[in-house]
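The values are calculated or read from the model by the stated rules, or taken from the named source; none is laboratory data. Since this is a predicted model, take the numbers as computed values, not measurements. When we count neighbours, we look across all protein chains shown, and the Cβ atoms used for this are built from the backbone with ideal geometry, even at glycine.
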Amino acid sequence: MAMNKYDESVRKMADGFGEMFAEEVAADERFHDLLMEIAEEFVSREIPIVSEDSSTDLAYELMMRCTTRKV
């Protein structure tokens, strides 16, 4: 199925601004807060750690291994 001109234009614009947007997201504190929240939920659900400090430290390390980039 062929894209119409509008869809094609939107995709080209997204391609052009994708890297800039990825940098914007990576620099936004809300992104880091959300990643940390998700990491903490993951650790509490998947990894049997009793110490809250260790759980937070592991969540932080997992968060630091995530990145955002243009695909």
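Working carefully through the options GLU29, GLU40, find the one that is closer than 21 Å to GLU61 by Cα, charged (D, E, K, R) and in contact with a helix residue (DSSP H, G or I) (Cβ under 9 Å, 6 or more places away or on another chain). Full working, then the answer.
Working: GLU29 fails: in contact with a helix residue (DSSP H, G or I) (Cβ under 9 Å, 6 or more places away or on another chain).
Residue meeting the stated conditions: GLU40.
Looking only at region 33-56, count every residue that is exposed (fewer than 12 other Cβ atoms within 10 Å of the Cβ) and outside any helix (DSSP H, G or I) and tell me the total. Steps first, answer last, please.
Restricting attention to region 33-56, the residues satisfying the condition of being exposed (fewer than 12 other Cβ atoms within 10 Å of the Cβ) are 33, 41, 45-46, 48, 50-53.
Still in the running and outside any helix (DSSP H, G or I): 48, 50-51.
Adding up the residues that qualify gives 3.
State the number of residues belonging to region 20-39 that are modelled with pLDDT under 95 and over 14 Å from the mean Cα position of the chain (by Cα).
Final tally of qualifying residues: 0.
Can we say GLU24 is surrounded by 12 or more Cβ atoms within 10 Å (Cβ to Cβ), free of Cβ contacts under 8 Å to residues at least 40 places away in the same chain and farther than 16 Å from THR68 by Cα? Break it down stepwise before answering.
Values: surrounded by 12 or more Cβ atoms within 10 Å (Cβ to Cβ): yes; free of Cβ contacts under 8 Å to residues at least 40 places away in the same chain: yes; farther than 16 Å from THR68 by Cα: no.
Here the answer is no, as GLU24 does not meet what is asked.
Can you pull out the residues in region 45-68 that are under 26 Å from VAL25 (Cα atoms) and not acidic (Asp, Glu)?
Let us first name the residues in region 45-68 that are under 26 Å from VAL25 (Cα atoms), namely 55-68.
Within region 45-68, SER55, THR56, LEU58, ALA59, TYR60, LEU62, MET63, MET64, ARG65, CYS66, THR67, THR68 meet the criteria.
Looking at region 2-14, can you tell me whether even one residue there is assigned to a loop (DSSP other than H, G, I, E, B) and touching a residue at least 40 places away in the same chain (Cβ under 8 Å)? Walk me through how you get there before you give the answer.
Our first condition is that a residue be assigned to a loop (DSSP other than H, G, I, E, B); within region 2-14, this holds for 2-4.
Pick out the ones that are also touching a residue at least 40 places away in the same chain (Cβ under 8 Å) and you get none.
No, region 2-14 contains no residue that is assigned to a loop (DSSP other than H, G, I, E, B) and touching a residue at least 40 places away in the same chain (Cβ under 8 Å).
May I ask you to verify whether ARG30 is surrounded by fewer than 10 Cβ atoms within 10 Å (Cβ to Cβ), among the basic types (Lys, Arg) and in a helix (DSSP H, G or I)? Steps first, please.
Details: surrounded by fewer than 10 Cβ atoms within 10 Å (Cβ to Cβ): yes; among the basic types (Lys, Arg): yes; in a helix (DSSP H, G or I): yes.
When the stated conditions are applied, ARG30 passes them.
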